[in-house]
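> Encoded as structure tokens, here's the structure I'll be asking about.
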Ligand SMILES: [Zn+2]
């Protein structure tokens, strides 16, 4: 499906959740500044480290941002836009749409589109918090001019959803730093895989997708991947991936644009 010379595509995506996964689940989280300090690592350290690595290695990435994060922390969003990266919608409150009514979901989408467009960038993509799309999501994206979704786990190649015509850039839990470094318990910090293990997992999946001529979408979070040892692993991962001939490493919007009309 790619043009001549391209065998597979890779998109690095960063979800700027900041405080929203905590505030969305526990309204009293402010009473636990220690727990919330992990959220603050994102804007304080994670984003600057990620931006400087991407600049050093010349990576064009996509940052999915909850509207509330962009309101509470404009500086990191400005830095992302100034560095030339794509920004895209990640809900407003970080509530998965399947838990919202259709009207609530639409209100969150419209509000965040307005906030993000206020940063002067086109906003063309959408990722649901926790990939938790609803039965209304695709129709709402088409209605509001959002061209692609990066939520479904049903393919290794981009495709176009029937009816809505929205492009899908498929994801999977394997290719998500949260699942590898955080999940596994109610305790936010219970799981600590080594970077070497995670790099091996991601390289194995990348090599297989490259063979199939597909798309590898990596989902990262600044407070997770932004630990110093993991940033080193990310740098090594990018370098190793680039050694594969025919790799196209670019933003989600650039990939979505290549999916032809009617490709389902
Ligand atoms: Zn998120």
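Throughout, read-outs are computed from the coordinates displayed, never taken from laboratory work. These figures come from a predicted structure and were not determined experimentally. Note that we place each Cβ from the backbone using ideal geometry, even for glycine, and neighbour counts take in every protein chain shown.
> Build a GNM of the chain with springs between Cα atoms under 10 Å: which of 132, 91, 42 gets the top mean-square fluctuation?
Of the options given, 132 has the highest mean-square fluctuation.
> Based only on other Cβ atoms within 10 Å, what is the fewest-to-most ordering of 136, 90, 197, 85? Each step should come with its number before you reach the end.
Values: 136 18, 90 27, 197 11, 85 21.
Placing the least packed residue first, the sequence is 197, 136, 85, 90.
> Moving to a separate point now. Of 249, 57, 116, which has the largest mean-square fluctuation in a 10 Å C-alpha GNM of the chain?
Between 249, 57, 116, it is 57 that shows the largest mean-square fluctuation.
> Compute the relative contact order of segment 110-264 as a whole-number percentage, counting only Cα pairs closer than 8 Å that sit 6 or more residues apart in sequence.
Numbers: 182 pairs, mean separation 35.0, N = 155.
Here the relative contact order equals 23 percent.
> For segment 14-162, just say rounded, prolate or oblate: build the C-alpha gyration tensor, square-root its eigenvalues into a ≥ b ≥ c, call rounded for a/c under 1.5, and beyond that prolate if a/b exceeds b/c, oblate if not. Please report the intermediate quantities before stating the final value.
Numbers: a/c = 1.70, a/b = 1.15, b/c = 1.48.
Verdict is oblate for segment 14-162.
> Based on the alpha-carbon gyration tensor of segment 8-257 and its eigenvalue square roots a ≥ b ≥ c, which shape applies: rounded if a/c is under 1.5, prolate if not and a/b is larger than b/c, or oblate? Provide the component values of the computation, followed by the final result.
Numbers: a/c = 1.42, a/b = 1.07, b/c = 1.34.
Rounded shape, in that the Cα axes give a/c under 1.5.
> Rank the residues 216, 63 as a footprinting-exposure proxy: fewest other Cβ atoms within 10 Å of their Cβ go first.
Working: 216 25, 63 30.
Placing the least packed residue first, the sequence is 216, 63.
> Please report the relative contact order for the chain, taking Cα pairs under 8 Å with a sequence separation of at least 6, and give it as a percent rounded to a whole number. Could the numbers behind the result be given before it?
Details: 480 pairs, mean separation 76.2, N = 264.
It rounds to 29 percent for the chain.
> Please rank 219, 194, 95, 179, fewest neighbouring Cβ atoms within 10 Å first, as an exposure proxy. Please report the intermediate quantities before stating the final value.
Numbers: 219 23, 194 13, 95 20, 179 17.
Arranged by neighbour count, lowest to highest, 219, 194, 95, 179 become 194, 179, 95, 219.
> Which residue fluctuates the most in the chain, going by a Gaussian network model with Cα springs under 10 Å, if the choices are 32, 127, 230?
In the Gaussian network model the winner is 32.
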